[in-house]
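**Student:** Here's a structure for you.
The values are calculated or read from the model by the stated rules, or taken from the named source; none is laboratory data. Everything quoted here is computed from the prediction, not taken from an experiment. With ideal geometry, Cβ positions are generated from the backbone for all residues, glycine too; neighbour counts draw on all protein chains shown. Please note that ligands, DNA and RNA were not included when accessible areas were found on the heavy atoms of the full protein model with its side chains. Shrake-Rupley method; radii C 1.70, N 1.55, O 1.52, S 1.80 Å.
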Amino acid sequence: QVQLVESGGGLVQPGGSLKLSCAASGRIFSINAMGWYRQAPGKQRELVAIISSSGITNVADSVKGRFTISRDNAENTLSLQMNSLKPEDTALYYCYLYNNPETYWGQGTQVTVSS
C-alpha cells in the first residue's frame, strides 16, 4: 500500500508564494510519475504539473513560469514551488502518484489566494 501526505497549503495574498510538499511511503517502484492536481469549487480536477522519475516535467499553461515542480527520488518526496499566486489559483491541491499500474492520491491541501 502507498500513502501520500501533503503539506504546505494555506492563505496567501495575491503575488505571494507557497511551497507544497508531498511525502510518499510504501511500496514505490523506481519508475513512476508524481504530480499535482487541483480542484476549485464547482470545477473539475485539473492537472497542475507532473514529473517522471527521470525528471521529465509537464506543466499546465495556466501556471507555467510561476510554478516549479521537483522531486527527490531517494526520499520519495515531491514539491511544488508556487510564486506570483493569483486568486484563480485558489483550490484544493492533490498529490498524485502513478505507480504502474496503480494510481494513488493524497487527501489534498487547501491553497487560498486572497487579500
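**Student:** Return the Rg/Rh value of segment 1-69, two decimal places, where both radii are evaluated on C-alpha atoms and Rh is the Kirkwood radius.
**Tutor:** My calculation of the ratio gives 0.98.
**Student:** Moving to a separate point now. Once phi is turned into ³J(HN,Hα) by the Karplus curve 6.51 cos²θ - 1.76 cosθ + 1.60 with θ = phi - 60°, what whole-Hz value does each residue of segment 32-38 show in order, with x for glycine and proline?
**Tutor:** Per-residue couplings from phi come out as 7, 9, 10, x, 10, 10, 9 Hz.
**Student:** Here's another thing I want to ask about it. On the accessible surface of the chain, probed at 1.4 Å, how many percent belong to carbon and sulfur atoms?
**Tutor:** Using a 1.4 Å probe with all protein chains present, the chain comes out at 47 percent carbon and sulfur.
**Student:** With every protein chain left in place, what is the accessible area of residue 112 in Å² (1.4 Å probe, nearest 10)?
**Tutor:** Answer for residue 112: close to 40 Å² accessible.
**Student:** Rounded to the nearest whole Å², what accessible area per residue is found for the chain with the 1.4 Å probe?
**Tutor:** 54 Å²
**Student:** Grab the eigenvalues of the alpha-carbon gyration tensor for the chain, scale each by 5, take roots, and send me the semi-axes largest first in whole angstrom.
**Tutor:** Semi-axes, largest first: 24, 14, 12 Å.
**Student:** Run the quick spin-label model on residue 72 and residue 39: label points 7 Å from Cα toward the beta carbon, then report their separation in nm to one decimal.
**Tutor:** 2.9 nm
**Student:** At residue 105 and residue 86, where each label point lies 7 Å from the Cα along Cα→Cβ, what is the point-to-point distance in nanometres?
**Tutor:** Spacing of the two 7 Å Cα→Cβ label points: 2.5 nm.
**Student:** Gain in length, residue 7 to residue 98, computed as 0.36 nm per residue apart minus the alpha-carbon separation, to one decimal in nm?
**Tutor:** 30.8 nm
**Student:** Something else now. For the chain, give me the percentage of DSSP beta bridges that are antiparallel, rounded to the nearest 5 percent.
**Tutor:** Taking every DSSP beta bridge within the chain, about 95 percent pair in antiparallel fashion.
**Student:** Which whole-Hz ³J(HN,Hα) couplings does segment 22-28 yield from phi under the Karplus relation 6.51 cos²θ - 1.76 cosθ + 1.60, θ = phi - 60°, glycine and proline marked x?
**Tutor:** 3J(HN,Hα) across segment 22-28, in whole Hz: 9, 10, 9, 9, x, 7, 10.
**Student:** Which of 42, 16, 26 ends up with the largest GNM mean-square fluctuation for the chain, with Cα atoms connected below 10 Å?
**Tutor:** Greatest mean-square fluctuation among the candidates belongs to 42.
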